[in-house]
Amino acid sequence: MAEKIIAVNRKARHDYEVIDTFEAGIVLLGTEVKSLRAGKANLKDSYARIRNGELWLFGLHISPYSHGSYNNHIPERDRKLLLHKYEIRRLIGKVEEAGLTLVPLKLYFKNGKVKVQLGLARGRKQYDKRQVIAKREADRDLRRRLKQR
């Protein structure tokens, strides 16, 4: 499987504890796909929600296509995500649990189609973030010391 990464939401793994991941297709316009091939996407403030039994992605910024005409797309429009009905029903049950949300982790091409990797995540508190950073630095120091021996 040829997978070409377009954009990664680095902040998501810092701000959220990812419990489970899903792969979803996304409904796009032609100029959006051309802009994505040029790597012009930003997942930073985006999130997914279930609305009327359908999964939607909000806040994904895809820059207008540079060679597009007057028909160019709106950069931050809501985009429908494609999942099987049973997967959406399963997500509805999990998202309604306290504190769980759907966060896009990365956007990529897979076999010529644009896919979004969604993470079912729980928000981290500020002190949790500090603990994760402290643990990562301690592990890094330990590896460095073992490497010096």
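Just so you know, all these numbers are worked out from the coordinates, no wet-lab data involved. Worth saying up front: this structure is predicted, and the values here are computed from it rather than measured. Positions of Cβ are backbone-derived with ideal geometry, glycine not excepted, and every protein chain shown enters the neighbour counts.
Points worth noting:
- Within the stretch 110-147, being closer than 27 Å to Glu96 by Cβ, outside any helix (DSSP H, G or I) and out of contact with any strand residue (DSSP E or B) (no Cβ under 9 Å at 6 or more places or on another chain) holds for one residue alone: Lys125.
- Residues (in a helix (DSSP H, G or I) and either touching a strand residue (DSSP E or B) at 6+ places or on another chain (Cβ under 8 Å) or touching a residue at least 60 places away in the same chain (Cβ under 8 Å) (or both)) located in the stretch 15-36: Asp15, Glu32, Val33, Ser35, Leu36
- Failed criterion for Thr31 (all others in (1) within 18 Å of Tyr108 (Cβ to Cβ); (2) out of contact with any Lys or Arg (no Cβ under 7 Å at 6 or more places or on another chain); (3) crowded, with 17+ Cβ neighbours inside 10 Å hold): (1)
Yes or no, residue by residue, for (1) polar (S, T, N, Q); (2) under 10 Å from the mean Cα position of the chain (by Cα):
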{"residue": "Glu3", "(1), (2)": "no, no"}
{"residue": "Ala7", "(1), (2)": "no, yes"}
{"residue": "Ala12", "(1), (2)": "no, yes"}
{"residue": "Thr21", "(1), (2)": "yes, yes"}
{"residue": "Val27", "(1), (2)": "no, no"}
{"residue": "Glu32", "(1), (2)": "no, no"}
{"residue": "Ala38", "(1), (2)": "no, no"}
{"residue": "Lys44", "(1), (2)": "no, yes"}
{"residue": "Arg51", "(1), (2)": "no, no"}
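- Tally of residues being loosely packed, with under 14 Cβ neighbours inside 10 Å and either outside any strand (DSSP E or B) or touching a Ser or Thr at 6+ places or on another chain (Cβ under 8 Å) (or both) across the stretch 1-14: 5
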